[in-house]
1. Per residue, how large is the accessible surface of the stretch 69-234? Use a 1.4 angstrom probe and give square angstrom.
2. Of THR267, THR93, which has the most accessible area with a 1.4 Å probe, and how do the rest follow in descending order?
3. Mind listing the long-range amide H neighbours of ILE116? Cut-off is under 5 Å, sequence gap 5 or more, other chains count too, H placed in the peptide plane at 1.01 Å from N.
4. Using the Cα centre of the stretch 69-234 as the reference point, and only Cβ charges (+1 on K/R, -1 on D/E), how large is the resulting charge dipole? Debye, rounded to the nearest 20.
5. Kindly flag which residue pairs out of LYS269/LYS303; LYS137/LYS258; LYS28/LYS191; LYS177/LYS242; LYS161/LYS242; LYS258/LYS303 have an alpha-carbon separation exceeding 26 Å in this structure.
6. Along the stretch 251-260, what does the Karplus equation 6.51 cos²θ - 1.76 cosθ + 1.60 (θ = phi - 60°) give for ³J(HN,Hα), rounded to whole Hz, x for Gly and Pro?
7. Ranking request for peptides 114-126, 11-23: highest mean number of other beta-carbon atoms within 10 Å first, then the rest in descending order.
8. Roughly to the nearest percent, how much of the accessible area of the stretch 69-234 is carbon and sulfur, given a 1.4 Å probe?
Amino acid sequence: MKGLNDDCEHFEIFPPGHLYSSKQGGFKRWYNPPWFSEVIPSVPYDPLALRKAAKEVANYLGTMHHEFTFTVQDGIDAIEDVIYHTETYDVTTIRASTPMFLMSRKIKSLGVKMVISGEGSDEIFGGYLYFHKAPNKEELHRETCQKIKALHQYDCLRANKATSAWGLEARVPFLDKEFINEAMSIDPEWKMIRPDLGRIEKWVLRKAFDDEEQPFLPKHILYRQKEQFSDGVGYSWIDGLKAHAESNVTDKMMSNAKFIYPHNTPTTKEAYCYRMIFERFFPQNSAILTVPGGPSVACSTAKAIEWDAQWSGNLDPSGRAALGVHLSAYEQEHLPATIMAGTSKKPRMIEVAAPGVAIES
């Protein structure tokens, strides 16, 4: 977008899986896999079918791991560069893109040119914590279809641009088209989260690699709770971002947010902070319209609020906002502030330290 915004009055996203014809004057979708229609599949679950790459994974288990540490301040200092490169003001994307941006710089400095990343698995298998609230398999399947269709504006945007900023190439094996077709043909009843049956989020994928004779991973790793990347690098990261925004965005600025930013009005000080930076780089209305919006809990679409109305007062994309699901969920008095009509109640502010945050590659 940065190559267009100075010279074009109007520009928009080129949708994935489409062709554009200047003669026909529009886009035409060529990518038409079986799952795209969102018809509910009925193929029985076969764990072995999901092992496209089991042998390669096993070979990688002997590789050397590197741990990189950054402070919360290191991340805050990088946010302007991250927003410039990722071309978004979406809170979830920026939270996760920043550590990925810093990690990519470090990886490139080691002489590595290509990495394999896990984008797509949560969308395909219903891995986000809000899927605990899916009322039935039909709703779950349609939601996974919608999440895959929107990847180019969220996780794939992050993985592509945060790495490409340093000339690093990220490849995403979960988004291999044949693998998607295989995984999306499974009867979604198997993807339903059923604690009574011992099925946690992404159970079908975990179970496919649960080999007693030749284990791929230790059991406590294979079946640990889903952790979003922006949370998984350390909870101090998101807490530090919120504290930084609190010190840079005033209550008066927030009260005027709907007038300053009528489209996708920021509802938190963190979101307001990112929007200010974004519009310094990309002030055109066309640029603003390329970024999706709407309420989100634990990386959800608005569906999570439909599935559990109690979450409507807890709109934060962190996995810790999944109250009653996440093992380290926010305490009630520490819930994120949102704009609420007719109330001036604020959550209690807590002082946030800035310890090192570890990333493993």
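1. Ligands and nucleic acids excluded, the result is 42 Å² per residue.
2. From most exposed to least exposed: THR267, THR93.
3. Placed amide hydrogens put ARG171 under 5 Å from ILE116.
4. Dipole of the stretch 69-234, to the nearest 20 debye: 140 debye.
5. Long pairs (Cα-Cα over 26 Å): LYS137/LYS258; LYS28/LYS191; LYS177/LYS242.
6. With the stated coefficients, the stretch 251-260 comes to 4, 5, 4, 5, 5, 9, 4, 5, 8, 6 Hz.
7. Result, highest mean first: 114-126, 11-23.
8. Carbon and sulfur atoms account for 50 percent of the accessible area of the stretch 69-234.
The values are calculated or read from the model by the stated rules, or taken from the named source; none is laboratory data. Just so we're clear, the structure is a prediction, and the values are computed from it rather than from any experiment. All Cβ positions, glycine included, derive from the backbone under ideal geometry; neighbour counts span all protein chains shown. Ligands, DNA and RNA are excluded from the accessible area calculation, which covers all protein heavy atoms including side chains. Shrake-Rupley method; radii C 1.70, N 1.55, O 1.52, S 1.80 Å.
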